[in-house]
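The values are calculated or read from the model by the stated rules, or taken from the named source; none is laboratory data. Because the structure is a prediction, the values reported are computed rather than measured. Methodologically, a virtual Cβ is constructed for each residue, glycine included, from the backbone with ideal geometry; neighbour enumeration extends over all protein chains shown.
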Amino acid sequence: MDKDRAGIWSRITYKNITVGLAPGGTVVLWVTGKNRRVEVAHYQAKETFVSVDEFYRNPDEDTQQEFYDYFYNAYIPKETQALIKEKGVPVKLWEEYRTKYNYRFNIHFYKADKEQFDRDLTYVNGESEILKEGEIDLYRKKALPLWVRFYFSVYGGEGTFDEEEIVTAFKKISKNHPDATIEIELRPILMYKSMSFTVKCENEEIPLEKTTVRMWKNKV
């Protein structure tokens, strides 16, 4: 369902299909429409072997290992190679990104401020959406946020979360408080020059110190 500028609701459809591949043979299918991208299917590929000669013409008679080494060094970014060398190929990472938690954002405003517009969200599992008024304060079982944008009375802001930090924080806090609802507390600081984010559940707090924050003044 979609609400236009006049406040009238109508039913719209998804228009695009996206296929994603991850290390270890994970295959994920999303559908995308206005204001929303949703995961609809998840598959596990089976390992197989294909000879280098079946991939391309091989006049130099590269061996299978030479073929692997060439494309690895030619197409994998150096920073990714360094990460793989340090920690290995993250074949289980996508399972963590698809884990859903029951949480919401809890914003502590200055004085009587409030959100003025829709809230934009992108999640670590590839989903995204724009939340309308009436949805933004609800606890919802979703994958963890990767990026979020807010609009206040005068200022707007966005936060890009460090994936490893937020995954670690939620795993720890959900283990300590099974089945409890979780909040990501947002506090504007220095008169909206920045924002702080903290994962909270009952009496436990974990600050998200690696979050990248950008603030601006809204156009009048």
(message) Within region 117-128, take every residue that is part of a strand (DSSP E or B) and modelled with pLDDT of 95 or more and give me the one that is farthest from Ser10 (Cα to Cα).
(response) Tyr123
(request) State all residues of region 139-152 that are more than 18 Å from Arg36 (Cβ to Cβ) and either of a type in the set (Asp, Glu) or exposed (fewer than 15 other Cβ atoms within 10 Å of the Cβ) (or both); if no residue qualifies, say none. (result) Tyr139
(request) Scan region 82-97 and report the pairs whose first residue is within 25 Å of Tyr43 (Cβ to Cβ) and whose second residue is in a helix (DSSP H, G or I), with Cβ atoms within less than 7 Å and a gap of 6+ or a chain change. (result) Glu96/Val167
(request) Tell me which of these Val50 doesn't satisfy, since it passes every other one: (1) of a type outside the set (Phe, Trp, Tyr); (2) surrounded by 10 or more Cβ atoms within 10 Å (Cβ to Cβ); (3) within 20 Å of Gly24 (Cβ to Cβ). (result) (2)
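Can you tell which of Tyr103, Tyr75 is hydroxyl-bearing (Ser, Thr, Tyr), on the phi < 0 side of the Ramachandran plot and touching an Asp or Glu at 6+ places or on another chain (Cβ under 7 Å)?
Details: Tyr75 fails: touching an Asp or Glu at 6+ places or on another chain (Cβ under 7 Å).
After ruling out the rest, the residue left standing is Tyr103.
Checking the condition without any contact (Cβ under 8 Å) to a residue 24 or more places away in the chain and touching a strand residue (DSSP E or B) at 6+ places or on another chain (Cβ under 9 Å), which residue from Glu135, Glu185, Glu127 passes? Walk me through how you get there before you give the answer.
Numbers: Glu185 fails: without any contact (Cβ under 8 Å) to a residue 24 or more places away in the chain; Glu127 fails: without any contact (Cβ under 8 Å) to a residue 24 or more places away in the chain.
Going through Glu135, Glu185, Glu127 in turn, just one is without any contact (Cβ under 8 Å) to a residue 24 or more places away in the chain and touching a strand residue (DSSP E or B) at 6+ places or on another chain (Cβ under 9 Å): Glu135.
So that you can scan it fast, the table gives a plain yes or no per residue for (1) of a type in the set (Phe, Trp, Tyr); (2) under 30 Å from Cys201 (Cα atoms); (3) at pLDDT below 95; (4) in contact with a Phe, Trp or Tyr (Cβ under 9 Å, 6 or more places away or on another chain):
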{"position": "Tyr56", "(1), (2), (3), (4)": "yes, no, yes, yes"}
{"position": "Pro59", "(1), (2), (3), (4)": "no, no, yes, no"}
{"position": "Ala74", "(1), (2), (3), (4)": "no, no, no, no"}
{"position": "Lys78", "(1), (2), (3), (4)": "no, no, no, no"}
{"position": "Gln81", "(1), (2), (3), (4)": "no, no, no, yes"}
{"position": "Val89", "(1), (2), (3), (4)": "no, no, yes, no"}
{"position": "Leu93", "(1), (2), (3), (4)": "no, yes, yes, no"}
{"position": "Arg98", "(1), (2), (3), (4)": "no, yes, yes, no"}
{"position": "Arg104", "(1), (2), (3), (4)": "no, yes, no, yes"}
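In region 83-116, what count of residues is obtained for those that are in a loop (DSSP other than H, G, I, E, B) and not β-branched (Val, Ile, Thr)?
Residues of region 83-116 that are in a loop (DSSP other than H, G, I, E, B), as a first pass: 88-92, 99-100, 108-116.
Cutting the leftovers down to not β-branched (Val, Ile, Thr) gives us 88, 90, 92, 100, 108-116.
Total satisfying the criteria: 13.
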(request) Those residues that are part of a loop (DSSP other than H, G, I, E, B) and among the basic types (Lys, Arg), I need them from region 1-41; list them, please. (result) Arg5, Arg11, Lys15, Lys34
(request) State whether one or more residues within region 166-176 are of a type outside the set (Gly, Ala, Ser) and at pLDDT below 95. (result) no
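Taking Phe150 as the residue in question, decide whether it is in contact with a Phe, Trp or Tyr (Cβ under 6 Å, 6 or more places away or on another chain), among the aromatic types (Phe, Trp, Tyr) and modelled with pLDDT under 95.
Values: in contact with a Phe, Trp or Tyr (Cβ under 6 Å, 6 or more places away or on another chain): no; among the aromatic types (Phe, Trp, Tyr): yes; modelled with pLDDT under 95: yes.
No: the conditions fail for Phe150.
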